[in-house]
1. Return the pair list, or none, for Cβ contacts closer than 9 Å from residues in the stretch 71-89 that are free of Cβ contacts under 8 Å to residues at least 60 places away in the same chain to residues that are of a type in the set (A, V, I, L, M, F, W, C), at least 6 apart or on different chains.
2. Hey, among Ile4, Ile27, which residue is surrounded by 11 or more Cβ atoms within 10 Å (Cβ to Cβ) and either of a type outside the set (Asp, Glu) or touching a residue at least 12 places away in the same chain (Cβ under 8 Å) (or both)?
3. Is it the case that Leu16 is outside any helix (DSSP H, G or I) and more than 22 Å from Met1 (Cα to Cα)?
4. Please pick out the residue among Ala86, Ala73 that is surrounded by 10 or more Cβ atoms within 10 Å (Cβ to Cβ) and of a type in the set (Gly, Ala, Ser).
5. Kindly check whether there is at least one residue in the stretch 42-53 that is free of Cβ contacts under 8 Å to residues at least 60 places away in the same chain, surrounded by fewer than 10 Cβ atoms within 10 Å (Cβ to Cβ) and in a helix (DSSP H, G or I).
6. Given the conditions (1) over 24 Å from the mean Cα position of the chain (by Cα); (2) part of a helix (DSSP H, G or I); (3) under 28 Å from Asp9 (Cβ atoms), which single one is not true for Tyr31?
Amino acid sequence: MTTISIRLDDTEKKELEEMCADMGMNISTFYMIYTKKALRDRRIPFDIVAPLDPFYSETNKDYLRKSDRQIKAGRYVEKTVEELEAMEE
């Protein structure tokens, strides 16, 4: 048997202890279950993804292309911040 030490933020550790207690287990059992699942499936048992910056989403790029075409065609209106604020009222 081997002992593994990990560092957790105090708040996250407390939340994890409470969650595990609600399920009738402790943190050690939680990690044992996680480890067995990962070894059995030969994969991390949840998806890890890097969220795409919404600026580069296809929807936003399409919107930017459309705006660029409108500007090049002279189809835009210039307003100052003050004018926009006045319109809001």
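A short reminder: the numbers here are calculations on the coordinates, not readings from a lab. Since this is a predicted model, take the numbers as computed values, not measurements. In this analysis, Cβ positions are derived from the backbone assuming ideal geometry, glycine residues included, and neighbour counts consider all displayed protein chains.
1. Matching pairs, first to second residue: Lys79/Met87.
2. Testing whether each residue is surrounded by 11 or more Cβ atoms within 10 Å (Cβ to Cβ) and either of a type outside the set (Asp, Glu) or touching a residue at least 12 places away in the same chain (Cβ under 8 Å) (or both) leaves just Ile27.
3. no
4. Residue meeting the stated conditions: Ala86.
5. no
6. (1)
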